[in-house]
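The values are calculated or read from the model by the stated rules, or taken from the named source; none is laboratory data. What you are looking at is a predicted structure, and each value in this text was computed from that prediction instead of being measured. Every residue, glycine among them, receives a Cβ derived from its backbone with ideal geometry; neighbour counts consider all protein chains shown. With ligands, DNA and RNA removed, areas are computed over all heavy atoms of the protein, side chains included. Shrake-Rupley method; radii C 1.70, N 1.55, O 1.52, S 1.80 Å.
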Amino acid sequence: MRQTLAGAIDWAAPQLVDVSDTPKLDAEVMLLHIIHKQRGYLYTWPDERLASEQVVDYTKMVHRRVLGTPIAHIVGEREFWSLPFMVNPTTLIPRPDTEILVETALNLPLAENAKVLDLGTGTGAIALSLAYEKSQWQITAVDKIIEAVALAKANRAHLKLQQVEIIKSDWFDSVTCYDFNLIVSNPPYIDETDAHLDQGDVRFEPQSALTAGEAGFADLYHIASSARDYLAPGGYLLLEHGYEQAIQLRKKMIELGYENVATVRDFGSNDRCTLGRFPR
Ligand code: GLN
């Protein structure tokens, strides 16, 4: 490997073609993490030389990536809603698809000081992005995995969004407020037998954040049913789900008594979130 920035990328990218759709970008992201610079730096100073310990660190990172470890785990961070979130293997890596859930929540006609609950918050991506946009919202975020609670709290501190309450709770089990104006969740919704669980980044994410029984519907149904006891009259439930689950979930929500049930597509035009309003 040539010990320049350009040389480091040229060395790594070809090794990553089997594991990544974006081998050059992956190489750049890892290198930028080592040199603590923004992307433009690589193109301005391609001949800058790496120190030998930087070469060692970079080589280790590339090796992990070759073995399939997600970029977000290697650099310990993933951007969501243009905010930096610390990430680790205890929970889901935030997905761009989930930004549509945040956008949909922000567009609801809610009061300035609305009470909002995020179930299965993981990194805290949804709850903290909402708090970043709506500083007056009273947001509670829960997760049943204690390491995820710790991670969400670390992200809360890092993003200076201390107004968000983060607690350990298995869905609603430890929630003691019964008048939320909005309940959101990106629960596990992949069918346990789905072939794509053997491919790519999901292999490194916890099963508990990805899969659910009843063909992926178990947690969606549990949340939709229980949420009725925790919503204020006229409160909204907003759930992320798989791109083929919209029709069945809408049917279930209507059966459960929700009104104005509707599905929203993500930026890739896939059905991604369904919302409904629990009547007065
Ligand atoms: N959308 C994610 C995926 O397909 C899954 C996220 C989830 O289960 N909540 O990888």
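Whole-Hz Karplus values for the range 69-79 come out as 4, x, 3, 4, 6, 5, 8, x, 8, 8, 7 Hz, taken residue by residue from phi with 6.51 cos²θ - 1.76 cosθ + 1.60 and θ = phi - 60°; glycine and proline positions read x.
Using θ = phi - 60° in the Karplus curve 6.51 cos²θ - 1.76 cosθ + 1.60, the 3J(HN,Hα) couplings for the range 175-185 round to 8, 10, 10, 10, 9, 6, 7, 8, 10, 10, 7 Hz; x is entered for Gly and Pro.
Under 17 Å of direct C-alpha separation, and excluding same-chain neighbours fewer than eight residues apart, Lys160 reaches these aspartates and glutamates: Glu77, Glu79, Glu133. For the residues Gln138, Gln199, Gln163, a GNM of the chain with alpha-carbon springs under 10 Å puts the largest fluctuation on Gln199. When you filter the chymotrypsin sites (Phe, Trp or Tyr not before Pro) in the range 205-277 for DSSP loop state and at most 14 other Cβ atoms inside 10 Å of their Cβ, you are left with Tyr243, Phe267. Near Ala224: Cβ cut-off under 12 Å, other residues only, Lys/Arg at +1 and Asp/Glu at -1. The net charge is +1. Mean residue ellipticity, 222 nm, helices only, the chain: the sum of -39500 (n - 2.57) across DSSP H runs of n ≥ 4, divided by residue count and rounded to 500, is -10000 deg cm²/dmol. Measure off, as a whole percent, the carbon and sulfur share of the 1.4 Å-probe accessible area of the chain, all protein chains present. Of the solvent-accessible surface of the chain, carbon and sulfur hold 49 percent. Taking a straight line from the alpha carbon of Lys153, these lysines sit under 17 Å away, with near neighbours fewer than eight places off in the same chain left out: Lys144, Lys168. What the chain shows is 48 Å² of accessible area per residue, with the surface traced by a 1.4 Å probe over protein heavy atoms.
Each residue of the range 148-153 is assigned a 3J(HN,Hα), and the resulting list reads 5, 4, 5, 5, 4, 5 Hz, derived from the Karplus form 6.51 cos²θ - 1.76 cosθ + 1.60 (θ = phi - 60°), x at Gly and Pro. Comparing mean-square fluctuations of Pro23, Pro188, Pro46 from a GNM of the chain with C-alpha springs under 10 Å, the top value falls on Pro46. Positive contributions from Lys and Arg (+1) and negative ones from Asp and Glu (-1), summed over other residues with Cβ under 15 Å from the Cβ of Ser174, come out at -4. Amide H to amide H distances under 5 Å link Ala141 with Asp118, Glu165, Ile166, Ile167, where only residues 5 or more positions off or on other chains count and H is placed in the peptide plane. Shown here for the range 1-60: trypsin sites (Lys or Arg not before Pro) in loop regions (DSSP other than H, G, I, E, B) with at most 15 other Cβ atoms within 10 Å, namely Arg2, Lys37, Arg39.
When the square roots of the Cα gyration tensor eigenvalues are ordered a ≥ b ≥ c, the ratio a/c for the range 118-233 is 1.5 or more and a/b does not exceed b/c, which makes its shape oblate.
Contact order for the range 1-79, expressed relative to its length and based on alpha carbon pairs under 8 Å spaced 6+ residues apart, stands at 35 percent. For the pair Ala232 and Ile146, a Förster radius of 35 Å applied to the C-beta separation gives a FRET efficiency near 0.75, rounded to the nearest 0.05.
Of the GluC sites (Glu not before Pro) found in the range 68-114, those in coil by DSSP whose Cβ has at most 14 other Cβ atoms within 10 Å are Glu112. Across the range 154-280, the mean sequence separation of Cα contacts (distance under 8 Å, 6 or more residues apart), normalised by length, yields a relative contact order of 25 percent. When the chain is treated as a Gaussian network with alpha carbon springs shorter than 10 Å, the biggest mean-square fluctuation among Gly40, Gly216, Gly200 belongs to Gly40.
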